[in-house]
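Structure, as structure tokens:
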Amino acid sequence: MRSLISFILLLAAPAIAQEAADVPGVPAEWFAAKESAAAARAPDLGALEPEVLDRARWSTTTQACKALTRAEPYGLQPATADRLVSEGLKAGAFVGAWTFYARTDCAETPLLRYLYIAESDGRNLLLVVNRGEAISTPSQMRETSKLAAKAAWDRAKQQQPTCEVTSVGMRQTRIAATDGDLSPMQFGTRFVGGWSEAWDFVACGRRATVTVRFEADGKGGASARVTDVTLS
């Protein structure tokens, strides 16, 4: 069991602000205009399936799989408000971006989330951004993962003091809870309400589940903080 002191310190951990990009005018209107302009470049998931499978095979997230023969994409949605995407749109490097999931035949990694970016020069970029479901945008997850990984390592190190930080690796993610007032997904993010996600890490040879609480800021960004860490 965690000590009372470690529990208090964990709850007192400051939130990290995951701000949306600073875009011209009213953010929602800017996001909507960019999504409309990018609609023609949205990917056809059926046609994209061979590339989805290839990308899954190349990704370090599937290294534990001896064979990966299937990756079925679904759930395409815009990712316009993701901060990395918005910055690329502002710079003129991107036309639009979308996220989607793919079910695989890998027991270790049965579900992957992808980010598809349509670039201004006509090319496309396809990335595996995490395993499992998430509400947080890829940028929010990337920026918060350092805080979550440290929490996992700190907790595991209590059991194994000689453990090195290089032992920490992120595994599955899942949605743990959603607030009743959580707004629908819009432009790839939430503008009202909060939610929690459970992120599994391997740290010091142990599985550490880190619960991260997100609070929407009304502008397309969110604050995030670790609220719980458990070892199994």
Counting pairs of alpha carbon atoms under 8 Å apart in space and at least six apart in sequence, what relative contact order in percent does segment 46-195 give? 20 percent
Could you tell me what percent of the accessible area of the chain is made up of carbon and sulfur, with a 1.4 Å probe and every protein chain present? 55 percent
Could you report the accessible area of residue 101 in Å², rounded to 10, computed with a 1.4 Å probe on the protein chains as they sit in the structure? 40 Å²
Across 26, 128, 202, the residue with the highest GNM fluctuation in the chain (Cα network, 10 Å cutoff) is 26
How large is the accessible surface per residue of the chain, computed with a 1.4 Å probe and reported in Å² as a whole number? 49 Å²
What nm distance separates the two modelled labels at residue 58 and residue 192, each placed 7 Å from Cα along Cα→Cβ? 4.1 nm
Extent of segment 26-83 along each principal axis, from alpha carbon coordinates, in Å, largest to smallest? 48, 23, 15
Once the piece of chain linking residue 227 and residue 146 is laid out straight, how much longer is it, given 0.36 nm per residue of separation minus the C-alpha distance between them? 27.7 nm
Taking the Cα centre of the chain as origin, sum charge times position over the Cβ atoms of Lys and Arg (+1) and Asp and Glu (-1), and report the length of that vector in debye to the nearest 20. 780 debye
What FRET efficiency comes out for the pair residue 183/residue 69, r = Cβ-Cβ distance, R0 = 45 Å, nearest 0.05? 0.70
Mind checking which of 42, 65, 32 is farthest towards the positive end of segment 31-160's charge dipole, using Cβ charges of +1 (Lys, Arg) and -1 (Asp, Glu) about the Cα centre? 65
With R₀ set to 30 angstrom, the calculated FRET efficiency between the beta-carbons of residue 29 and residue 175, to the nearest 0.05, is 0.55
Straight-line reach only, C-alpha to C-alpha below 30 angstrom: list the lysines that residue 66 could link to, leaving out same-chain residues fewer than 8 apart. 146, 150
The chain: C-alpha gyration tensor shape, a/c 1.5 cut-off, then a/b vs b/c: oblate
According to a simple spin-label model (label point 7 Å from Cα along Cα-to-Cβ), what is the distance in nm between residue 90 and residue 121? 2.3 nm
For residue 90, give me every one of the lysines with a C-alpha distance below 23 angstrom, ignoring sequence neighbours fewer than eight places off in its own chain. 34, 219
Anyone know which of 152, 71, 32 comes out most mobile in the 10 Å Cα GNM of the chain? 32
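The values are calculated or read from the model by the stated rules, or taken from the named source; none is laboratory data. Not measured: the values here are computed from a predicted model. Ideal geometry is used to build each Cβ from the backbone, glycine not excepted, and the neighbour counts take in all protein chains shown. Please note that ligands, DNA and RNA were not included when accessible areas were found on the heavy atoms of the full protein model with its side chains. Shrake-Rupley method; radii C 1.70, N 1.55, O 1.52, S 1.80 Å.
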